[in-house]
Amino acid sequence: MKNCILLVFGLLALATAAKLNYTGHKVIRVIPETKEQLEFLRDWESSSEIDFWLLPSSARRFADIRVSPGSYAHVAARLADMKMSHIVHIADVGELERQEQHNMAQRIAIFNGEKAIDVENYHTYEEVMAYLAELANTNPLVSTKVGGTSEEGRDIVQAIISSDLSANKPVHFFDCNIHAREWITAATCVWIIDQITTGYGSDPEITSLVDQYDWKFVPIANPDGYAYTWNTDRNWRKNRLVNNGSTCVGVDANRNFPIGFAGSGSSSDPCSGTYHGIAAFSEREASALRDLIAADRGRVKTAISMHSYSQMFLSPYGYTTDLPAEYPEMFRAMEIAVNALTSTYGTPYTYGNTAVTIYIASGDTTDHYYESEGVVHSYTIELRDSGTYGFQLPPDQIVPTATETWNGLKAMINAI
Ligand SMILES: [Zn+2]
């Protein structure tokens, strides 16, 4: 056993050797107090490679910015020029990543193999795909569908859970991990898949939910970006498209949908983390989700896009602060979801329309599902946490995060 653990640590050490090293990188937190300060941060985000982990939609809400040791003095000086002070919120991103590797290795060492996948750990793209393939082979409820293929040749796979596909039941549709570094989102979707597939026939609530609905999940909507976060850069967000005429790689597939395409909250600069791409649906990840949800047109009851972090439940619109016609119904549903979610472990969530509650985000999934596909209950959920670990949420928070989220979703689904 000891040798086995040493081997695991050794392999992880090898695996991390070629990765970008974030030792000494900090995440600083800054609160813009005025419109000018907010505009400054927005312009900075969309015109540079500075890695914003969070950018608020309005003044007096915090922004989180990752800074390298070499750029810290420069960033701090620019903020000071704008009369903004900051605090160091995460002192060493590299240390967080080492802790994450350590925690994952510990989980691997103690996993007893009772389940097909250790739902209390993070998994590579290949591991998640192997899990879905095994489920499809062994569980009569489960099938898979390939929605498209990434630039680097990875399938964008949807897991379908249905007790009777020919019945054309209402569908609950999920996309997860379209932003590569948001690992908790794939883990949450895998956990929910596990809950549904193992609970059917024994858990009355789950049995009823499967008898009434079809459940469809794309656990890793951005496979190339996700693989890149495992192999090279833990903090990568976009896909891995090689942009013509730029040395910067990647498009934000969650800014590549048509509603409000290229508007505020997305960038025309290929070096930005929110680069929207050359045209709506130019990206394989976006067109795969477009085709998968269109295949169920008219029967999608909820469409949920999983993101992290900041603990928010968000409705359309993202591209404008105008409210959608069905906003009262959306607000009612979100309130039910968040009450059930928060009553699980007390995790505080805010909720409301995307553009006001978090930030303007043009060309995102949720506006497309609502506006183009007519899905009223179309939401983005920003999972845990509120910035202590950011994207590197420890694996021991996977089960509580997924449990509270699932409780919120079940309560909402039972009320709409
Ligand atoms: Zn995201």
Have a look at Gly260, Gly277 and point out the one that is within 20 Å of the chain's Cα centre (by Cα), outside the structural domain of Arg42 (by TED's automatic domain parsing) and small (Gly, Ala, Ser). Gly277
Please determine, by comparing only the residues of the range 370-416 that are within 15 Å of the ligand (Cβ to nearest atom) and assigned to a helix (DSSP H, G or I), which one is surrounded by the most Cβ atoms within 10 Å (Cβ to Cβ). Thr405
When you look at Ala333, is it without any contact (Cβ under 8 Å) to a residue 12 or more places away in the chain, more than 16 Å from the ligand (Cβ to nearest atom) and over 19 Å from Ser362 (Cβ atoms), yes or no? no
Residue list for the range 209-244, restricted to those being assigned to a loop (DSSP other than H, G, I, E, B) and either closer than 23 Å to Ala279 by Cα or not assigned by TED's automatic domain parsing to the domain that holds Thr124 (or both): Ile220, Ala221, Asn222, Trp236, Arg237, Lys238, Asn239, Arg240, Leu241, Asn243, Asn244
Is there a residue in the range 362-377 that is of a type in the set (A, V, I, L, M), over 21 Å from Leu55 (Cβ atoms) and in contact with a helix residue (DSSP H, G or I) (Cβ under 7 Å, 6 or more places away or on another chain)? yes
If you go through Glu95, Glu100, Glu114, the only one that is among the acidic types (Asp, Glu) and modelled with pLDDT under 95 is Glu114
Check Ile336 against each of (1) of a type in the set (A, V, I, L, M); (2) within 21 Å of the chain's Cα centre (by Cα); (3) in a helix (DSSP H, G or I) and name the one condition it does not meet. (2)
Exactly one condition in (1) surrounded by 16 or more Cβ atoms within 10 Å (Cβ to Cβ); (2) under 30 Å from Trp215 (Cα atoms) is not met by Val67; state its number. (2)
Tally time: how many residues in the range 23-60 are crowded, with 16+ Cβ neighbours inside 10 Å, under 26 Å from the mean Cα position of the chain (by Cα) and not aromatic (Phe, Trp, Tyr)? 19
Taking the criterion of being acidic (Asp, Glu), away from the ligand (no atom under 16 Å from the Cβ) and not in a loop (DSSP other than H, G, I, E, B), would at least one residue in the range 195-203 satisfy it? no
For residues that are buried (at least 18 other Cβ atoms within 10 Å of the Cβ) and either outside any loop (DSSP other than H, G, I, E, B) or hydroxyl-bearing (Ser, Thr, Tyr) (or both), tally how many sit in the range 265-301. 16
Among the residues of the range 156-170, what is the count of those that are surrounded by fewer than 22 Cβ atoms within 10 Å (Cβ to Cβ) and either under 27 Å from Tyr309 (Cα atoms) or within 16 Å of the ligand (Cβ to nearest atom) (or both)? 1
Among the residues of the range 299-320, is any more than 14 Å from the ligand (Cβ to nearest atom), out of contact with any strand residue (DSSP E or B) (no Cβ under 8 Å at 6 or more places or on another chain) and free of Cβ contacts under 8 Å to residues at least 12 places away in the same chain? no
Quick check on my filter: what residues within the range 109-135 are surrounded by fewer than 17 Cβ atoms within 10 Å (Cβ to Cβ) and either of a type in the set (A, V, I, L, M) or within 19 Å of the chain's Cα centre (by Cα) (or both)? Ala109, Ile110, Ala116, Thr124, Glu126, Glu127, Ala130, Ala133
Name the pairs whose Cβ atoms lie under 8 Å apart, with the first residue in the range 177-188 and assigned by TED's automatic domain parsing to the domain that holds Ile304, the second within 9 Å of the ligand (Cβ to nearest atom) and among the β-branched types (Val, Ile, Thr), and 6 or more positions between them or separate chains? Asn177/Thr185; His179/Thr185
Lone qualifier among Tyr359, Tyr370 - being aromatic (Phe, Trp, Tyr) and modelled with pLDDT under 95: Tyr359
Is it the case, given these coordinates, that Glu97 is assigned to a helix (DSSP H, G or I) and more than 24 Å from the chain's Cα centre (by Cα)? no
Of everything in the range 245-264, what is in contact with a Pro (Cβ under 9 Å, 6 or more places away or on another chain) and either more than 16 Å from the ligand (Cβ to nearest atom) or assigned to a strand (DSSP E or B) (or both)? Give them in sequence order. Gly245, Ser246, Thr247, Cys248, Val249, Ile259
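The values are calculated or read from the model by the stated rules, or taken from the named source; none is laboratory data. Note that the coordinates shown come from a computational prediction; the quantities given were computed from them, not determined experimentally. All Cβ positions, even for glycine, are placed from backbone atoms using ideal geometry, and neighbour counts span all protein chains on display.
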